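What follows is a short report on a single structure.
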Amino acid sequence: MKFLRKTLVSVFVLYFALWGFTLVIHYPNPYQSIRLGLAPASKTPDLMPAHTIAPSSTPLTFTTANEKMPNSVSWNGKSISWQEFLDTAHTNVFLVLRNGVLTYQYYRDGFTPTTRLPSYSVGKTMTSIMVGQLIAAGKIKESDKFVDYFPEYKNGTSFDRVTIGQLLDMRSGVGVSDNYPTGPQGWGVGIAQMYATTDMNWFIKHNRKMAFEPGTQGLYRSVDPQLIGMIIKKVTGMSISEYFSKNVWQPVGALTPATWNVDHVGGIEKTFCCFNATGEDYAKVGMMLLNNGMVGKTRVLDLNWIKRMSTSVEQLEGWGYSAYTWHPYPGIDMMDGLHGQYVFVDRATRTVIVKLSDVPTGLDISRPTAQVMMGISKA
């Protein structure tokens, strides 16, 4: 009994010590952190606070058709069946649109057309769309510096010279690591801290060290679109969710409310990730890009920004990159999220493919997946 009592006391002391430590570093409490660290990607949106993004009052609906997928596809140098591909790539949703017609729909058991699923880094492209609108409106310039909007963040280093253009192309040099952890034991790395933080302003103020001089090289860093999101909020005087709803989500004809996870209730959206929506509504954003920024007769995004997003200015991880948009093949614009979230746009064939998945952390299958989507788009 004495041993048991001492053990229980030690556990309680440790737990409350950890609780106090998480408060100091602006992390969710230990229980919440563990839940978030162990949850599959598809379950994470509901484990963090979020703002709701109102949909359109006149939503767009897709005409449907029945397209048969190939019997087999090439995967890492071998031929596998279509269903084996969906399973191997941990697919929850797979949609194909040809010229605006929804020709193929796959939903894993437990997932439906109304299931809201996370974007992870697909959310970066949503951030690019918003800043592109503001640049087209003359409210922001790519030559502007981050500290022009937030002079209180100046620290006398090259951080003070980081421009919006550099942030958009992952050329800022801000030294927040994107080495993704596997499970709660890895939550001390920079990207995990930023993902979990309950106070984004506190996080940025404590993470302004530079890894290299601004503009001298490209290195994928999620902190870059987070800084852009802060600028968008400052310039518009609105939350990211309010601005996105009015200027993107409603104009593209979204049917279902989306959400955007924030650092705390009423706080700042995490604009490097954490946007959550249904498969068909992701596809509507892809269709808007496919149609050069137009939805019907309404211009949502300036043609110059479409060209900016579609023209590679950097090579990252062997693919072209610009304004938070990947170019795995010539003529292809692709949004790519950590756990296998994709919006794939092929203008030549007028094809949009949406794939939303639960790929485990540390399993990188982006290249074989992009190859499969390329084969489908050209079929």
Practice task
Please report, in whole Å, how far the alpha carbons of the range 100-237 spread along each principal axis, starting with the longest.
Solution key: 54, 44, 29
Exercise for the section: Quick one: net charge around Gly279, please, counting Lys, Arg +1 and Asp, Glu -1 for every other residue with C-beta under 12 Å from its C-beta. Expected result: +2
Exercise for the section: Could you please report the charge total around Met130, scoring K, R as +1 and D, E as -1 over all other residues with beta-carbon less than 13 angstrom from its beta-carbon? Expected result: +2
Handout entry: Length-normalised contact order for the range 230-284 - Cα pairs under 8 Å, 6+ apart - percent
Key = 33
Exercise for the section: Rank Gly362, Gly267, Gly173 by mean-square fluctuation in a GNM of the chain with C-alpha springs under 10 angstrom and give only the top-ranked residue. Expected result: Gly362
Fill in the blank from the handout: Sorting Pro330, Pro368, Trp305 by the position of each Cα along the dipole of the chain (Lys, Arg +1; Asp, Glu -1; all at Cβ), the one nearest the positive end of that ordering is Trp305
Exercise for the section: Take each of the peptides 340-350, 34-44, 107-117, average the number of other beta-carbon atoms within 10 Å over its residues, and list them starting from the highest. Expected result: 340-350, 34-44, 107-117
Fill in the blank from the handout: Plugging the Cβ-Cβ distance of Ser81 and Leu316 into 1/(1 + (r/R0)^6) at R0 = 22 Å yields, to the nearest 0.05, a FRET efficiency of 0.10
Practice task
Using the charge dipole of the range 237-302 (Lys, Arg: +1 at Cβ; Asp, Glu: -1 at Cβ; taken about the Cα centre), state which of Ala283, Val262, Gly237 has its Cα farthest towards the positive end.
Solution key: Ala283
Practice task
Would you list, by chain and number, the lysines whose Cα falls below 16 Å from the Cα of Lys234, excluding same-chain residues fewer than 8 positions away?
Solution key: Lys139, Lys141, Lys145, Lys270
Fill in the blank from the handout: Amide H neighbours of Thr103 at under 5 Å, excluding residues fewer than 5 places away on the same chain, with H built from the backbone geometry, are Ala65, Val96, Leu97, Arg98
Problem - the range 121-158 and the range 198-261: distance between their alpha carbon centers, rounded to Å - result: 9
Exercise for the section: Can you bin the range 51-378 into rounded, prolate or oblate? Criterion: square roots of the alpha carbon gyration tensor eigenvalues sorted a ≥ b ≥ c, rounded for a/c under 1.5, prolate for a/b above b/c, oblate for the rest. Expected result: prolate
Exercise for the section: State the answer as a single residue: which of Thr103, Ala379, Ile164 lies farthest towards the positive end of the charge dipole of the chain, with beta carbon charges of +1 for Lys and Arg and -1 for Asp and Glu, about the Cα centre. Expected result: Ile164
Handout entry: Cα centroid of the range 43-89 to Cα centroid of the range 263-330, whole Å
Key = 17
Practice task
Sort the range 297-338 into rounded, prolate or oblate with this rule: let a ≥ b ≥ c be the square roots of the eigenvalues of the Cα gyration tensor; rounded if a/c is under 1.5, and if a/c is not under 1.5, prolate when a/b is larger than b/c, oblate otherwise.
Solution key: prolate
Practice task
Mind telling me which of Phe159, Phe203, Phe272 comes out most flexible in a GNM of the chain, alpha-carbon contacts under 10 Å?
Solution key: Phe203
Fill in the blank from the handout: For the pair Thr361 and Lys68, the simple spin-label estimate (label points 7 Å beyond Cα toward Cβ) gives in nm 4.3
Fill in the blank from the handout: In order over the range 101-107: 3J(HN,Hα) from phi, Karplus 6.51/-1.76/1.60, θ = phi - 60°, whole Hz, x for each Gly or Pro, gives 9, 7, 9, 8, 9, 10, 10
Completion exercise
So for R0 = 41 Å, FRET eff. of Arg299-Lys234 from the Cβ-Cβ r, to 0.05, ends up at 0.95
Fill in the blank from the handout: Share of Cα-Cα pairs in the range 205-275 beyond 20 Å, whole percent, is 39
Fill in the blank from the handout: Within the under-14-Å Cβ sphere about Glu152, not counting Glu152, Lys/Arg +1 and Asp/Glu -1 give a net charge of +3
Completion exercise
Relative contact order of the chain (C-alpha contacts under 8 Å, at least 6 apart) in percent is 24
Fill in the blank from the handout: So, with points 7 Å from each Cα along the Cβ direction, the Ala54-Phe150 label distance in nm works out to 2.8
Exercise for the section: For Gly320, list long-range residues whose amide hydrogen, built 1.01 Å from N in the peptide plane, is under 5 Å from its own amide hydrogen. Expected result: His327
Exercise for the section: Calculate the dipole size of the chain relative to its Cα centre from +1 charges on Lys and Arg beta carbons and -1 charges on Asp and Glu beta carbons; express the result in debye to the nearest 20. Expected result: 280
Practice task
Please express the Cα-Cα pair-distance distribution P(r) of the range 41-124 as a list of whole percents, one per 5 Å bin, running from 0 to the bin with the greatest distance.
Solution key: 3, 10, 16, 20, 21, 16, 8, 5, 1, 0
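Computed from the coordinates by the stated procedures, all read-outs in this text should not be read as laboratory data. Model, not experiment: these values are computed from the prediction. Note that we place each Cβ from the backbone using ideal geometry, even for glycine, and neighbour counts take in every protein chain shown.
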